[in-house]
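Asker: First, the structure itself, so that you have it in front of you.
The values are calculated or read from the model by the stated rules, or taken from the named source; none is laboratory data. Since this is a predicted model, take the numbers as computed values, not measurements. Note that we place each Cβ from the backbone using ideal geometry, even for glycine, and neighbour counts take in every protein chain shown. These area figures cover heavy atoms from the full protein model, side chains too; ligands, DNA and RNA do not enter into them. Shrake-Rupley method; radii C 1.70, N 1.55, O 1.52, S 1.80 Å.
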Amino acid sequence: MGSMNNYPLVCAALECETMEEMASSMVKAKAEGANIVELCIHALSFIHISQLHSLINFRTLPAIVSLRDQSPSSMINKTKSKATLLEVLRVAMELEVEFIELDYELASDICIFQYKIQNPKSKFIVSRYINGGKAPSAETLGDLIADMQFTGADVIKLKIDVNYITDLVPIFRMLTHCQVPLIAIAVGSRGLICQLLGPKFGGFLVYGSLEGKPIAGLPTLVSLKNVYKLEHLNADTKVFGLVSNPVGHSKGPILHNPTFRHAGYNGIYVPMLVDDVKEFFKTYTSTDFAGFSVGIPHKEAAINCCDEVHPLAKSIGAVNTIIRRPIDGKLIGYNTDCEACITAIEDAMRGRKYVNGKDPESSPLAEKIFVLVGAGGAGRALAYGAKSRGARVVIFNRNFERAKALAHAVSGEALPYEDLDRFSPQNNMILANASSVGMEPKSNETPIAKGALKAYEVVFDAVYTPRNTRLLQEAAESGAIVVSGVEMFIRQALGQFRLFTDGLAPEAFMRKLILEQF
């Protein structure tokens, strides 16, 4: 990994149409955590050579002057003379810019070695964009890098379109084994971990995006600075992550990464946007990938990817945590959702002195009607947990067959989803939403009409983004005890972290961190 003052190189690519915008973006990039910027000269609509002098002299960070030949409207394209390109190159070297980037075609047209003799202070990055079709294999990438190295490049840069997260494995392999400094960018939302794990696998630098200018596949500079802190990564860092789809809502990284550092554990936690969970675990077999949280919609399917499954998770039929056992690499599945959500509900009820003369050791859920919305992985955890406490479980799900199958498994009852608003056999029931209804960005939605909430004493919502969902707001207004998904998140995360680190879990630190962030 490249470095400035022993820190990883974190770069912001400034693709701006005007000099003024590029200058202000440079200031913003530095404030957000970049320690090097890419000045995309090719993106400028117009620039006089005197302006180029000013731009480069203005720089407050080390810079890459990028002369990629890509845009029909750019000042450097096939309609411009080669003399223009060479003049920009001459000025950049005269002003001793740290790096100059040329695309492979341009680099092949000039003799980089001659320029390096004239001014050895500027280093050359030769780049290539691989787009469309099947992602290249490690062997193909190796051949491409060898060809690019012949141009005289000091650093190789590959920008690769990826369709699936499994396309990244050959890229990680090349980052680790490449004999020349290598920058790799995986384009698209499934390529995010290419940047986050770059320092671990030996990447020369990583890219981040400016706040307000999101780029698919790139983390924000602010998240790199405040959440991931890549300066702590090395080849021995263990990788953990959330296997889910969607994954953008997850608060896992802002919890687990600071906690790893607080506990002195060499780990990183990243979001992993996974389409095919079976193919994912078949592909990511390295012991570097030590553990996983499992989210929507993979909790049930992931159980079949495990070599061994904890008895509770097996009975539930869903896992939310998978650990790669160090001694043999086998995947072990667990479920920390069940106890997390059930104890959160129980403690909220006990806090209201709800037991009313019952044995304080018994569950306040005993003999209650437990109305469950959703029959996926989280729903299964809630259903089994409620049954274990002696509740009568009634399940509503848009897919009625799934509701019936889960109800049969817990000796409960399944009813059509359309009947939820009318279901009111008695008062003081418990409602638990285990569906994704109400999750950001559709936070205006709710699984049940407000008027129906008067029949419920307790309302729990597994959705935690937003923290105070519409369901919880309306339940509170109806007089119910409300239990946020944040509390379940805290408790299941504690269970996961203990599994990740073989026992370490600073509970007070984690709870404080979560409550501050939500």
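Asker: Suppose we keep only residues that are over 16 Å from residue 235 (Cα atoms) and not basic (Lys, Arg) within region 189-207. Which one would you say is most open to solvent (accessible area, probe 1.4 Å)?
Answerer: Within region 189-207, the match that is most open to solvent (accessible area, probe 1.4 Å) is 189.
Asker: Considering region 163-178 alone, what residues qualify as being buried (at least 20 other Cβ atoms within 10 Å of the Cβ) and in contact (Cβ under 8 Å) with a residue 40 or more places away in the chain?
Answerer: 165
Asker: When the residues of region 308-322 are filtered to those that are in a loop (DSSP other than H, G, I, E, B) and within 23 Å of residue 256 (Cβ to Cβ), which remaining residue is modelled with the lowest pLDDT?
Answerer: Filtering region 308-322 for residues that are in a loop (DSSP other than H, G, I, E, B) and within 23 Å of residue 256 (Cβ to Cβ), the one modelled with the lowest pLDDT comes out as 318.
Asker: Residue by residue through region 384-395, note down the ones that are free of Cβ contacts under 8 Å to residues at least 40 places away in the same chain and on the phi < 0 side of the Ramachandran plot.
Answerer: Answer for region 384-395, where residues must be free of Cβ contacts under 8 Å to residues at least 40 places away in the same chain and on the phi < 0 side of the Ramachandran plot: 387, 391, 392, 393, 394, 395.
Asker: Let me ask something else about it. Within the set of pairs 6 or more residues apart or between chains, which connect a residue that is farther than 17 Å from residue 14 by Cβ and in contact (Cβ under 8 Å) with a residue 40 or more places away in the chain inside region 210-235 to a residue that is open to solvent by 70 Å² or more (accessible area, probe 1.4 Å) and of a type outside the set (Gly, Ala, Ser) with Cβ atoms less than 8 Å apart?
Answerer: Close Cβ pairs (under 8 Å, with a partner that is open to solvent by 70 Å² or more (accessible area, probe 1.4 Å) and of a type outside the set (Gly, Ala, Ser)) amount to 231/6; 231/7.
Asker: Would you list the strands (runs of 3 or more DSSP E) that sit entirely within region 412-518 and hold 3 or more residues that are without any contact (Cβ under 8 Å) to a residue 60 or more places away in the chain?
Answerer: 413-416
Asker: Moving to a separate point now. Scan region 29-47 residue by residue and report those that are assigned to a helix (DSSP H, G or I) and either modelled with pLDDT of 95 or more or open to solvent by 10 Å² or more (accessible area, probe 1.4 Å) (or both).
Answerer: Passing the criteria: 29, 30, 31, 32, 43.
Asker: Ok, one more. Among the residues of region 359-410, which ones are closer than 22 Å to residue 455 by Cα, more than 29 Å from the chain's Cα centre (by Cα) and assigned to a loop (DSSP other than H, G, I, E, B)?
Answerer: Across region 359-410, the qualifying residues are 363, 364, 365, 366, 367, 368, 389, 390, 391.
Asker: Can we say residue 181 is open to solvent by less than 70 Å² (accessible area, probe 1.4 Å), in contact (Cβ under 8 Å) with a residue 40 or more places away in the chain and not charged (D, E, K, R)?
Answerer: yes
Asker: Based on what the data block shows, is residue 251 basic (Lys, Arg), in contact with a Gly (Cβ under 9 Å, 6 or more places away or on another chain) and surrounded by 16 or more Cβ atoms within 10 Å (Cβ to Cβ)?
Answerer: no
Asker: Output yes when any residue across region 19-28 is closer than 23 Å to residue 231 by Cβ, modelled with pLDDT of 90 or more and buried (at least 21 other Cβ atoms within 10 Å of the Cβ), and no when none is.
Answerer: Yes, region 19-28 contains at least one residue that is closer than 23 Å to residue 231 by Cβ, modelled with pLDDT of 90 or more and buried (at least 21 other Cβ atoms within 10 Å of the Cβ).
Asker: Follow-up question, since we're still on this one. Does residue 413 count as closer than 21 Å to residue 385 by Cβ, among the acidic types (Asp, Glu) and crowded, with 17+ Cβ neighbours inside 10 Å?
Answerer: Spelling it out, it is not the case that residue 413 is closer than 21 Å to residue 385 by Cβ, among the acidic types (Asp, Glu) and crowded, with 17+ Cβ neighbours inside 10 Å.
Asker: For region 130-169, what are the residues that are touching a strand residue (DSSP E or B) at 6+ places or on another chain (Cβ under 6 Å) and of a type in the set (Lys, Arg)?
Answerer: Of everything in region 130-169, those that are touching a strand residue (DSSP E or B) at 6+ places or on another chain (Cβ under 6 Å) and of a type in the set (Lys, Arg) turn out to be 157, 159.
Asker: Can you tell me which of 282, 353, 358, 299 is surrounded by fewer than 20 Cβ atoms within 10 Å (Cβ to Cβ) and either closer than 19 Å to residue 461 by Cβ or at pLDDT 95 or above (or both)?
Answerer: Selected residue: 282, the only one of 282, 353, 358, 299 that is surrounded by fewer than 20 Cβ atoms within 10 Å (Cβ to Cβ) and either closer than 19 Å to residue 461 by Cβ or at pLDDT 95 or above (or both).
Asker: Okay, moving on. Does residue 434 satisfy the criteria of being buried (at least 22 other Cβ atoms within 10 Å of the Cβ) and at pLDDT 95 or above?
Answerer: Criteria met by residue 434.
Asker: Would you point out which residue out of 308, 231 is farther than 24 Å from residue 518 by Cβ, within 19 Å of the chain's Cα centre (by Cα) and open to solvent by 10 Å² or more (accessible area, probe 1.4 Å)?
Answerer: One residue alone meets the criteria, 231.
Asker: Here are some residues: 186, 216. Which one is out of contact with any Ser or Thr (no Cβ under 7 Å at 6 or more places or on another chain) and either open to solvent by 40 Å² or more (accessible area, probe 1.4 Å) or among the aliphatic types (A, V, I, L, M) (or both)?
Answerer: From the options 186, 216, the qualifying one is 186.
The rows are residues; the columns are (1) touching a strand residue (DSSP E or B) at 6+ places or on another chain (Cβ under 9 Å); (2) among the aliphatic types (A, V, I, L, M).
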site: 391; (1), (2): yes, yes
site: 400; (1), (2): yes, no
site: 405; (1), (2): yes, yes
site: 408; (1), (2): yes, no
site: 416; (1), (2): yes, no
site: 419; (1), (2): yes, no
site: 424; (1), (2): no, no
site: 437; (1), (2): yes, yes
